[in-house]
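Novice: Supplied in structure tokens, the structure appears directly below.
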Amino acid sequence: MKRKKRIGVLTSGGDCPGLNPAIRAVTKTAIFCHDMEVVGIKDGFEGLIENRTKKLIWEDVSGILTLGGTILGTSNQANPFANGEEKKDVSKETLKNISSLDLDALVCIGGDGTLHIAHRFHQLGVPIVGIPKTIDNDVSATDYTIGFDSAVAVATEAIDNIHSTAESHHRVMILEVMGRYAGWLALYSGVAGGGDVIILPEFSFDIQKVCAELEKRSKLGKRFSLVVVSEGVKLGGTELVIKREVKGSTDPIRLGGVSYRIAEQIEEVCGLETRVIILGHLQRGGKPTDFDRILATQFGKHAVDLAVSGKFGYMTSIQGRNIISVPIQSGIASLKKVPMDFPLIEAARAVGTCFGD
Ligand code: F6P
């Protein structure tokens with residue numbers, strides 16, 4: 001009897017809403033359209049290092065479209081090329097494990113760190129297909145990554161919810177959002193939530209300009225302001241505020257807390273009462289938005305098509321409304337940051353948003 005083709009799937013790096021819809025799409029497309037077998041790798045690359053897998057049948061992925069997180073689990077500390085705190089190279093053992101799974105393709109769903117590892121395995125001959133996901137939206141060569149839209153929705157709702165307290169108490173309220181070194185999440189949620197000031201890592205900000213804007217609003221009778229700050233903003237143009245270090249991670253730095261320093265500066269310079277809310281992992285939780293469910297479904301289906309046609313070393317991408325494929329290398333060549341001339345920046349400035357620059 002002819003052996004069925006076998007496809008593996010893993011989710012790696014920080015979780016986000018939309019991973020389950022992507023796993024569902026890969027699994028159902030592989031089974032329904034190509035009569036393939038599907039192997040789920042548990043906990044991302046950790047599962048490949050430790051050979052922990054699970055056969056996926058369509059019932060396993062039925063009913064997960066609306067669920068956040070990932071049914072396969074994930075890890076942002078397992079890297080077969082530099083594993084754990086000792087950064088041990090266990091890639092040879094991992095390659096043996098991959099080969100024992102007898103896969104015709106391996107779909108790696110992840111952000112920048114995951115796609116780097118996936119690219120290295122592809123160079124070593126593993127038939128890899130990538131699907132970009134991250135709430136940071138910082139993977140190049142795609143307009144959007146899975147998870148970004150859902151995180152924007154959570155952050156926007158948070159801005160809506162702090163509006164009333166800011167207004168009632170005549171305060172400045174700062175909402176700090178994630179995004180690492182890219183300001184996409186702050187920009188999109190800041191514009192959607194009507195932030196008066198949005199501070200992004202891409203632009204160096206001047207606290208005097210921020211305060212001038214807050215004072216201008218006070219004089220105009222607006223006795224409150226909403227400020228959206230990206231966790232990757234650098235104080236004085238150079239100082240990142242680091243919350244902790246996760247030694248085994250591909251990027252060990254965990255950012256957070258810059259807003260407390262900005263709040264102090266605002267109180268000092270213009271004497272306006274300022275409060276800080278750090279949204280944290282709430283942004284990675286909850287149901288995926290309709291956009292993320294649709295994107296994940298299209299990416300999952302497209303990834304299986306790439307695998308079936310033998311187009312390895314590529315990842316799925318959305319450009320405009322089109323779902324296409326691009327070399328993984330182009331996705332990881334550099335972090336995708338908000339360009340100075342991005343049209344949304346221009347639109348935000350047109351409606352009076354201050355970027356502190
Ligand atoms: O990359 C996704 C992300 O949520 C970043 O926005 C954030 O800086 C980081 O991961 C947080 O990582 P952890 O879950 O390890 O604290």
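The values are calculated or read from the model by the stated rules, or taken from the named source; none is laboratory data. Because the structure is a prediction, the values reported are computed rather than measured. So basically every Cβ, Gly included, is an ideal-geometry build from the backbone, and we count neighbours across all protein chains shown. The protein model used for the area step is the full one, side chains on, heavy atoms only, and it has no ligands, DNA or RNA in it. Shrake-Rupley method; radii C 1.70, N 1.55, O 1.52, S 1.80 Å.
Novice: Determine the percent antiparallel among the DSSP beta bridges restricted to the range 1-150, to the nearest 5.
Specialist: 25 percent
Novice: Seen from all sides and averaged, what is the projected area of the convex hull of the Cα atoms in the range 1-133, in nm²?
Specialist: It is 7.7 nm².
Novice: Can I ask one more? Can you tell me the mean projection area, over all orientations, of the convex hull of the range 226-357's alpha carbons? Units nm², please.
Specialist: 11.7 nm²
Novice: Still on this structure, I have one more. Please list the helices of the chain that count as membrane-span-like by this rule: a mean Kyte-Doolittle hydropathy of at least -1.0 together with Cα atoms stretching 24 Å or more along the helix axis, each helix being a complete DSSP H run.
Specialist: For the chain, where a helix must reach 24 Å along its axis and average at least -1.0, the hits are 148-169, 290-308.
Novice: Okay, next question. Past 30 Å, Cα to Cα: identify those pairs from 88/287; 247/337; 133/247; 54/243; 133/234; 92/287, in the order given.
Specialist: In this structure, 88/287; 54/243; 92/287 exceed 30 Å between Cα atoms.
Novice: While we're here: Hey, what's the per residue convex hull volume over the C-alpha atoms of the range 74-199, in cubic angstrom?
Specialist: Normalising the Cα hull of the range 74-199 by residue number yields 128 Å³.
Novice: Mind grabbing the base-10 log of I(q)/I(0) for the range 235-301 at q = 0.18, 0.20 Å⁻¹? Debye formula, identical points on the C-alpha positions, no solvent, two decimal places.
Specialist: Calculated log10 I(q)/I(0) at the listed q: -0.88, -0.93.
Novice: With a bin width of 10 angstrom, please list the P(r) values of the chain as percents of all Cα-Cα pairs, from the 0 bin to the one holding the largest distance.
Specialist: With 10 Å bins starting at 0, P(r) equals 6, 25, 30, 20, 12, 5, 1, 0, 0.
Novice: If you bin every alpha carbon distance in the range 172-263 into 10 Å steps from zero, what whole percent lands in each bin?
Specialist: Computed distribution, short to long bins: 17, 47, 27, 7, 2, 0.
Novice: Moving to a separate point now. What is the dipole size for the chain, taken about its Cα centre, with +1 at each Lys and Arg Cβ and -1 at each Asp and Glu Cβ, in debye to the nearest 20?
Specialist: My answer is approximately 980 debye.
Novice: What accessible area per residue comes out for the range 259-318, rounded to a whole number of Å², with a 1.4 Å probe?
Specialist: 47 Å²
Novice: So, one more: Rounded to the nearest 20 Debye, what is the dipole magnitude of the range 82-159 about its Cα centre when Lys and Arg each give +1 and Asp and Glu each give -1 at the C-beta?
Specialist: It works out to roughly 340 debye.
Novice: Anyone know which of 231, 202, 86 comes out most mobile in the 10 Å Cα GNM of the chain?
Specialist: 86
Novice: Turning to a different aspect of this structure: Separation of the range 103-124 and the range 154-230 by C-alpha centroid, Å?
Specialist: 37 Å
Novice: To the nearest 20 debye, what is the magnitude of the charge dipole of the range 291-357 about its Cα centre, counting +1 on the Cβ of each Lys and Arg and -1 on the Cβ of each Asp and Glu?
Specialist: Roughly 200 debye, rounded to the nearest 20.
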